[in-house]
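Colleague: Please see the structure below; I have some questions.
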């Protein structure tokens with residue numbers, strides 16, 4: 001027998017994620033100087049890492065020969081204080097995508113289903129299929145999640161429903177009132193997972209941590225002998241939140257993310273987590289970044305200014321775009337992959353959207369203003385050339 005015959009059959013239906021092209025790869029393929037390329041493909045922070053995080057990394061690397069704290073107590077305690085929850089509500093991941101995998105391992109099986117939007121972040125689908133569960137897609141409406149359609153897609157076999165807010169790749173958000181209505185109608189056998197990687201970029205974001213606190217309060221989890229803890233239904237939605245240090249904190253290379261979940265749920269996710277899944281340097285950087293509010297404000301100012309400028313440029317060019325609530329914008333350019341390849345030759349790396357059933361679109365990260373202007377010039381030149 002060969003390896004494929006021995007492997008779990010459902011794994012061969014799992015799509016392989018296509019990340020943004022690295023600068024080094026594009027330079028090698030096109031014979032370009034890497035220093036002459038701007039990468040606006042992966043929604044990274046153009047300011048680089050938080051300065052406080054950089055200093056913490058330099059200190060932490062001196063102890064690189066020592067294993068990290070496998071439970072990351074200091075970082076989890078800092079996150080718990082930051083969000084007003086218990087340390088037991090915090091689960092760390094090698095990027096928030098790893099929490100998606102934990103959720104699949106903990107709550108999905110070949111006999112279960114999970115609901116997602118049909119143009120939601122690709123790793124959601126991957127996590128569902130890796131668990132062998134059925135993916136149930138609800139069509140987007142106006143480029144964002146249609147929560148009514150997602151609720152209608154729930155069946156007795158549904159265990160998880162995923163909402164990416166703001167959504168990658170469309171940059172759209174779900175209205176806060178619609179979220180509350182959706183949660184009020186959520187059946188007790190379903191967990192609502194909100195992927196909030198771009199949460200910090202939202203104006204008036206939803207405050208869903210309250211549902212985590214409320215579940216723990218009502219279930220009396222801190223008194224496991226209580227009668228209330230044995231009740232299966234406590235009249236409260238089951239909510240899990242995913243966050244990351246990759247975007248606002250500029251720590252994408254360190255792969256550090258986390259989940260905020262009711263204690264019972266977090267305990268299940270911890271069973272799926274292998275020890276030392278987050279390294280000591282990443283933990284130190286994340287702790288420092290949490291305290292760098294000035295850097296967060298600077299990032300938000302740069303993002304808002306650049307995003308507004310970019311959207312004005314698209315209007316001048318007569319291009320359709322989706323107004324964004326994140327640090328990127330999707331724009332309709334005709335043949336998306338052809339434009340992606342043409343822009344690379346001009347030294348700008350963006351992201352084609354054909355993998356999201358948007359073959360006429362590209363996604364561009366908001367960069368520094370020099371990067372934004374270079375992209376706009378290159379795009380205008382390609383449009384003028386008829387490509």
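Colleague: Only one of these conditions is not met by residue 81: (1) exposed (fewer than 12 other Cβ atoms within 10 Å of the Cβ); (2) in the same structural domain as residue 302 (by TED's automatic domain parsing). Which number is it?
Modeller: (2)
Colleague: Something else about it: When you look at residue 217, is it in contact (Cβ under 8 Å) with a residue 24 or more places away in the chain, outside the structural domain of residue 354 (by TED's automatic domain parsing) and over 22 Å from the mean Cα position of the chain (by Cα), yes or no?
Modeller: Judged against the criteria, residue 217 is not a match.
Colleague: Quick check on the range 34-42. Is at least one of its residues modelled with pLDDT of 95 or more, surrounded by fewer than 20 Cβ atoms within 10 Å (Cβ to Cβ) and within 21 Å of residue 258 (Cβ to Cβ)?
Modeller: yes
Colleague: With outside any loop (DSSP other than H, G, I, E, B), at pLDDT below 95 and surrounded by fewer than 24 Cβ atoms within 10 Å (Cβ to Cβ) as the only criterion, which of 223, 229, 236 stands out?
Modeller: 229
Colleague: Looking for whichever is surrounded by fewer than 23 Cβ atoms within 10 Å (Cβ to Cβ) and closer than 23 Å to residue 169 by Cα here; the options are 309, 361. Which one fits?
Modeller: Criteria check complete, one pass: 309.
A quick yes/no check of all residues on (1) in a helix (DSSP H, G or I); (2) in contact with a strand residue (DSSP E or B) (Cβ under 6 Å, 6 or more places away or on another chain); (3) at pLDDT below 95; (4) over 26 Å from residue 328 (Cβ atoms):
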residue: 114; (1), (2), (3), (4): no, yes, no, no
residue: 150; (1), (2), (3), (4): yes, yes, no, no
residue: 159; (1), (2), (3), (4): no, no, no, yes
residue: 166; (1), (2), (3), (4): no, no, no, no
residue: 189; (1), (2), (3), (4): no, no, no, yes
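Colleague: On to the next question. Quick one: is residue 132 touching a strand residue (DSSP E or B) at 6+ places or on another chain (Cβ under 9 Å) and either part of a loop (DSSP other than H, G, I, E, B) or surrounded by 16 or more Cβ atoms within 10 Å (Cβ to Cβ) (or both)?
Modeller: When the stated conditions are applied, residue 132 does not pass them.
Colleague: Residues that are more than 19 Å from the chain's Cα centre (by Cα) and touching a residue at least 60 places away in the same chain (Cβ under 8 Å): does the range 321-343 have at least one?
Modeller: Checked the range 321-343: no residue is more than 19 Å from the chain's Cα centre (by Cα) and touching a residue at least 60 places away in the same chain (Cβ under 8 Å).
The values are calculated or read from the model by the stated rules, or taken from the named source; none is laboratory data. Please read all numbers here as calculations on a predicted model, not as lab measurements. Virtual Cβ from ideal backbone geometry, glycine too; neighbours counted across all protein chains shown.
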